[in-house]
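The values are calculated or read from the model by the stated rules, or taken from the named source; none is laboratory data. As the structure is a computational prediction, the values presented were derived from the model and not from experiment. A quick note on method: Cβ atoms are made from the backbone with ideal geometry, for glycine too, and the neighbour counts reach across all protein chains shown.
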Amino acid sequence: MADNLSGYSLLWECIQEKEEYPIFRITYLSRPAWPFTDTDLDDIESKSVAANNSRDVTGLLIVNGDRILQILEGRESAVRELYTKIEADARHTITKLVSAMEDEERLLLTWSMVVRRVSGIPRDALKEYEKLYDELLNSEEPREITIDHADLLRSISLFSALPS
Ligand SMILES: Cc1cc2nc3c(=O)[nH]c(=O)nc-3n(C[C@H](O)[C@H](O)[C@H](O)COP(=O)(O)O)c2cc1C
């Protein structure tokens, strides 16, 4: 009986966590119009958190010198509408739309917007990240972001969160 109960509650948690609509994910690369300062990044992050939350969009923005990478996930109409605004933002120039695809699940479950400058991360992780960035930049086909990529980006975000 106890086993059945925990089985049911596990099933219930899975049902509750399932999205009500297919997840759409846009990944793009861009170049900043000037070297972003902490104030520039804080400004983008503070405004994006509330705006993305209200659209049920989750996202990640990683800035490594002049290489920007952003992932946005949510309902297709919300993500596309946001991307149109971001594309027109004079603070950067989009160099590549890596992919715009549907997926069964969110990779960035709880982040309405996390903005990270790549700094103070271990050399190996930085090398791995730069390799991924170059692969995405040079790929001719749309490239889907996988769970492995998301893990790498997440760990970079954690390292960058530590005081330098
Ligand atoms: C690199 C970069 C990433 C951005 N990411 C977001 C974001 O995730 N969410 C958001 O609302 N605005 C983001 N913005 C800001 C938008 O470009 C735009 O300024 C914002 O959506 C406000 O538009 P509005 O005043 O027309 O509503 C980003 C800007 C830049 C330069």
Check your understanding: Looking at this structure, is Glu81 over 17 Å from Arg117 (Cβ atoms) and of a type in the set (D, E, K, R)?
Key -> yes
**Study point:** Residue that is assigned to a strand (DSSP E or B), of a type in the set (A, V, I, L, M) and either more than 16 Å from Ile156 (Cα to Cα) or within 12 Å of the ligand (Cβ to nearest atom) (or both), where the choices are Ile86, Ile68
**Key:** Ile68
Exercise for review: Starting from the range 34-62, keep only residues that are farther than 17 Å from Asp89 by Cα and among the hydrophobic types (A, V, I, L, M, F, W, C), then list their pairs with residues that are within 7 Å of the ligand (Cβ to nearest atom) and in a helix (DSSP H, G or I) whose Cβ atoms are within a distance under 7 Å, requiring at least 6 positions of separation or different chains.
Suggested key: Val57/Leu82
Revision key, fill the gap. Among residues of the range 63-75 being touching a residue at least 60 places away in the same chain (Cβ under 8 Å) and surrounded by 21 or more Cβ atoms within 10 Å (Cβ to Cβ), the residue nearest to Tyr21 (Cα to Cα) is Ile71
Point to revise | Subset of the range 100-116 that is in a strand (DSSP E or B) and surrounded by 20 or more Cβ atoms within 10 Å (Cβ to Cβ) - its residue that is nearest to the ligand (Cβ to nearest atom) | key: Val115
**Study point:** Val49, sole failed condition from (1) β-branched (Val, Ile, Thr); (2) in a helix (DSSP H, G or I); (3) at pLDDT below 95; (4) buried (at least 20 other Cβ atoms within 10 Å of the Cβ)
**Key:** (4)
Revision key, fill the gap. Among the residues of the range 16-46, the number that are farther than 22 Å from Thr110 by Cβ, assigned to a helix (DSSP H, G or I) and more than 12 Å from the ligand (Cβ to nearest atom) is 2
**Study point:** Leu97 surrounded by fewer than 17 Cβ atoms within 10 Å (Cβ to Cβ) and in a loop (DSSP other than H, G, I, E, B)
**Key:** no
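Which ones in the range 55-65 are outside any strand (DSSP E or B) and more than 9 Å from the ligand (Cβ to nearest atom)?
Asp56, Gly65
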Review point. Restricting the first residue to the range 76-92 and requiring it to be aromatic (Phe, Trp, Tyr), which pairs with a second residue that is part of a strand (DSSP E or B) meet a Cβ separation below 7 Å and a spacing of at least six or different chains?
Key: Tyr83/Ile26; Tyr83/Leu72
Check your understanding: Among (1) closer than 14 Å to Ser155 by Cα; (2) touching a residue at least 40 places away in the same chain (Cβ under 8 Å), where does Met101 come up short?
Key -> (1)
Exercise for review: Would you please list the contacts, defined by Cβ atoms under 7 Å and residues six or more apart or on different chains, that run from a residue in the range 107-118 that is at pLDDT 80 or above to a residue that is assigned to a loop (DSSP other than H, G, I, E, B)?
Suggested key: Leu107/Ile145
Review point. Tally time: how many residues in the range 117-155 are part of a helix (DSSP H, G or I) and of a type in the set (Lys, Arg)?
Key: 4
Exercise for review: With the condition kept exactly as written, say whether any residue in the range 112-128 is small (Gly, Ala, Ser) and either under 21 Å from Ser30 (Cβ atoms) or out of contact with any helix residue (DSSP H, G or I) (no Cβ under 8 Å at 6 or more places or on another chain) (or both).
Suggested key: yes
